[in-house]
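*Asks:* I am attaching a structure below and will ask some questions about it afterwards.
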Amino acid sequence: MDDYGLPGNLPHLNSRGLAGQDPLICSSMHVARWRTVCVAPGVACIILLLAFATATNSLAASGTDDEGIKFFESRIRPVLVNKCLSCHSQDAAKANKLKGKLLLDSRAGVLAGGESGPAIAPGQPAQSLLIQAMRHQSLEMPPDERLGENVIRDFVKWIEMGAPDSRDGRKVDLRVVNLEAGRQHWAFRPLNTSALPQVRSEQWVRNPVDRFVLAQLQQRNMTPAAEADRRTLIRRVYFDLIGLPPSPDAVKQFLADRSTTAYQHLIDRLLKSEHYGERWARHWLDVARFGESDGSDVRENKLRPDAWKYRDAVITAFNKDLPYNEFVALQLAGRGLYTKSSLAAGLARFPKLGTTLKDSDNPNDKMFHRLDDMVSTTGSAFLGLTIGCARCHDHKIDPITAEEYYRLTAVFFSQVKVEPRASDRQIPLEIREPHLLAGGSWKRPVRKVTPGFVEVLMREESRSEDWISGKLNPATRDPRYALALWMTDVNHGAGQLLARVIANRVWQHHFGRGIVDTPNDFGFLGAPPTHPKLLDWLAGELLRNGWRLKPLHRLIINSAAYRQASSARWVETDRDNHWIWHYQTRRLEAEIIRDNALSVSGSLKQQMHGPSTRVGSLAGGDAFEENPRTWRRSVYMMAPRFDTHPVLRVFDAADNFQSIGARTVSTTPSGALFMLNASFLWQRAASMAERIEQEAGKEAGNQVEHIYEVAFARPPTDEERVLGIQFLQQTHDEDSKRGQPVLVHYCHAIMGLNEFIYIR
């Protein structure tokens, strides 16, 4: 166990795997069960994990899901092409260069294996020869170099997914994409600005958002839930907008204000808070794959000492309500829009936030790894498109050609400077100008390409050349500046899709899931919108408000749809709440759970901006020591790759090796054990006990009342009050032996309740 009480890496079980029920969700817990509340779910999960292990493996082996195919195309296939197929393909066999009778250019070949047996065991990476060979444990592949840990990590994940593979063994040729057919896809069409829908009764409607929601509900003979009580609302809004709990005084003030504008004033006040930028930066950093180390290899995970400047620029941009089109342009344009301001300079770091490939001596590998990261992230973060899937061939589903992919790499080509690692042999840089590569391999250049964009998103007959040449905007011919202009142009470029994608991200932040449930994929394989007219209307509102996000937040949070209580009325009809008939209870993100513990204990430091606070080491160990110096908000905690803080690891922090549009939410034994045993939680409980004694005195009844107000923004129920008083008035031998007052145990138990880490 580490300092946080974690017994290593335990397997994860998705919360939806338990007949749709999350074993960690409960409306309330009795004090009598506090000693087991953090244990019982964990034990249950362990039993279920053992029971379902075989079923999970068999399901993983199918390998037919769309997400798996996208992962293969973007992360696995390029490595196979560049590192493996020269010796393990039909072409190699024809040239008498086939090694070990192993073919890796088709799924059938991978499963069949070669002289040593099957290359992989779907669902079982530890038993897969391919992984062993990559790690040079028995066989050595490639024989003259060892692939980086990040690459091996991708292959492990791929095999765990069941080794999904889109190939059929035939050579994939470049094809001509049907642009006109592609433009009929909902995401590529112009925004639908039709009239607001009609509803049978407007009594529930607070603003136009509600018309779209109610119209869908009425079509299905469903009704929305009642409005949540004011205590629930203020806690929900606080966590959504600033990521911190409301103080008891703030709750009292809100409850005392019975004016019709009290709720609106609450929202306005929180949107003006500097904590708003910290909260929304946390969300955007996932999308931008923000990390503070190279991430190339756990052994050579060099820190990036100035990476924090990007994070601070993001926080400042959100607090200033910088128009989103400018926010995007500053990240893409580089010197084209560069000013001497720290904001512009910080945001301009976006393209280079990704990982490096320092475990390779080959500068060609490094170059195209960086270019792929830049193009793939730009596509998914801003446009919600899996452009990276077109690296090896034309996109199999979306109207994006391989040539368009490589024209986008040409935009960033000048930004990539690679230097081979010191070695006995120096490998020359083979490609010094942008080229289209056959099969994604730098060893197979086809022809030179010029900078360009995705044609299916062009408007009014504009062409990439018009942007690059300065015809549409003569201010510059810089490719990155041209990309920024095209990306944000509503009339001629990709601006309408850009607006759709960010409007969906804002909605997702407040409701737990987007109108499009695949926020990084608006393509043909992505989920269709549940409320397409609402999405387009929100995007239109964003444009009408000059691309500013705060009015969009205000609009959504003021809606009756957002103000609904949690309910189970229509759970059999719509278990996943696609039609927004209630507010979906959801768990706080990992960073906010930590911030919440610091806040309620009175330990949170309000210091903003500046270099990140180091917690832990880069050695991949478990030395995560917290102290007053580290008690800042989690957004300021250093975010190296391969070195994740325990609370972030346990509660599903984003993988900062790639753009993440939505985090997974899992129920694990590790989560329960963390809340029960972590020294960080015991320390926060001790600090909270000191706070409670100072603010509420030593009378048990007052302490119970104040603890619930601090932790949950509500008073205890009658039963909770009685049981709490009984608990505090008795002394346990166990508590005495541990040398901690009973109040500390009580505060620790409160922090272990599910209500502490969920909002409803």
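Laboratory data are not the source of any read-out in this text; all were calculated from the coordinates shown. Just so we're clear, the structure is a prediction, and the values are computed from it rather than from any experiment. Using ideal geometry, Cβ is built from the backbone for each residue, glycine included, and neighbour counts are taken over all protein chains shown.
*Asks:* Check residue 758: other-chain or 5+ apart residues with amide H under 5 Å from its amide H, H built from backbone geometry?
*Replies:* Amide H neighbours of residue 758: 588.
*Asks:* With respect to the cross-link table entries 252/320; 352/605; 309/352; 99/396, which display a Cα-Cα separation exceeding 23 Å?
*Replies:* 252/320; 352/605; 99/396, as the Cα separations exceed 23 Å there.
*Asks:* Can I ask one more? What FRET efficiency comes out for residue 137 versus residue 574 if R0 is 41 angstrom and r is the Cβ-Cβ distance? Round to the nearest 0.05.
*Replies:* Efficiency for this residue pair is about 0.25.
*Asks:* From the square roots a ≥ b ≥ c of the eigenvalues of the alpha-carbon gyration tensor of segment 64-160, which class results: rounded (a/c under 1.5), prolate (a/b over b/c), or oblate?
*Replies:* rounded
*Asks:* At a Förster radius of 30 Å, what calculated FRET efficiency corresponds to the Cβ-Cβ distance of residue 261 and residue 226, to the nearest 0.05?
*Replies:* E between residue 261 and residue 226, to the nearest 0.05, is 0.90.
*Asks:* Full extension from residue 184 to residue 448: what is 0.36 nm times the residue separation minus their Cα-Cα distance, to one decimal in nm?
*Replies:* Full-extension gain reported as 91.9 nm.
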